[in-house]
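Below you'll find the structure, written out as structure tokens, and then a few comments.
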Amino acid sequence: MQVKNYYNTVERSLFYATGMYHEGLEAGDEYIIAPKAISIWITTYDVFDEGPFHERALLRRDFENRVLTDKFAIHYIQLPKFKKQCKKISSKLDEWLTFIINENQEEISMIDNENIKKAEKELENLNGDEETRKLAELRERTIRDELAAIAQFKREGREEGLAEGRKEGKQEGSTEEKIKIAKKLLLKKLDIDTIIEVTGLTKEEIEKI
């Protein structure tokens, strides 16, 4: 499947097809047993300005334009031409190209081809899995952001509470004032160890508050 036109489709297709034909033989094999090399290029652009949407390029002799061999062929299937030229689905190729283009879902559902129906179902599953994955990623990202925000809020509250507690602790030294400070820090949801550090109260004294 070729999406972007680099204006060298014929040359590239010839290069890949001849390479495929060459690789079909192992060292020592007889040339006569070389398997067929059939290359199919489906393009989202027109390779040739003229001609049908499906063209087959073969090696031919000059004499009466006879085919040299059936072991080598390149198929060019041009989707823009297919859209223009195909007025009615009348072949297996038309069915598959209609499925590939996938512009009219109702038209695709009417295609009586079991293999296409299987491919359509598999595509739906893949798309569903992709949507599920995206939703899971979004949910995970949201949870992570919320946890980060909560952690930042706690850090800011702890730093604010420590600063306030130290300031007031320096100014007031009585147990009564320390208890007042401890109450404020408890309201800010600071942990007991931090309150002990700031006020100098014992764990038992704080738990009684």
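Quick check on my filter: what residues within region 46-58 are in a loop (DSSP other than H, G, I, E, B) and either farther than 7 Å from Gln78 by Cβ or in contact with a Phe, Trp or Tyr (Cβ under 8 Å, 6 or more places away or on another chain) (or both)? Full working, then the answer.
Within region 46-58, the first condition is being in a loop (DSSP other than H, G, I, E, B), and the residues that meet it are 46-53.
Matches in region 46-58: Val47, Phe48, Asp49, Glu50, Gly51, Pro52, Phe53.
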For Val10, state whether it is assigned to a helix (DSSP H, G or I), at pLDDT 95 or above and open to solvent by 30 Å² or more (accessible area, probe 1.4 Å).
yes
Look at Ile40 and say whether it is out of contact with any Ser or Thr (no Cβ under 6 Å at 6 or more places or on another chain), at pLDDT 90 or above and open to solvent by less than 50 Å² (accessible area, probe 1.4 Å).
no
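Are any of the residues in region 88-102 of a type in the set (Asp, Glu) and open to solvent by 50 Å² or more (accessible area, probe 1.4 Å)? Step through it out loud before you land on a result.
Our first condition is that a residue be of a type in the set (Asp, Glu); within region 88-102, this holds for 94-95.
Adding the requirement that they be open to solvent by 50 Å² or more (accessible area, probe 1.4 Å) leaves none.
Within region 88-102, not a single residue is of a type in the set (Asp, Glu) and open to solvent by 50 Å² or more (accessible area, probe 1.4 Å).
Looking at region 14-24, is at least one residue in contact with a His (Cβ under 6 Å, 6 or more places away or on another chain) and surrounded by fewer than 14 Cβ atoms within 10 Å (Cβ to Cβ)? Before you say what the answer is, go through the steps one by one.
To start, the set of residues in region 14-24 that are in contact with a His (Cβ under 6 Å, 6 or more places away or on another chain) comprises none.
Looking through region 14-24, none of the residues is in contact with a His (Cβ under 6 Å, 6 or more places away or on another chain) and surrounded by fewer than 14 Cβ atoms within 10 Å (Cβ to Cβ).
The values are calculated or read from the model by the stated rules, or taken from the named source; none is laboratory data. Fair warning: this is a prediction, and the values are worked out from it, not measured in the lab. FYI the Cβ positions are ideal-geometry reconstructions off the backbone, even for glycines, and counts take in every protein chain you see. Side chains are part of the model used for accessible areas, which takes the heavy atoms of the whole protein and leaves out ligands, DNA and RNA. Shrake-Rupley method; radii C 1.70, N 1.55, O 1.52, S 1.80 Å.
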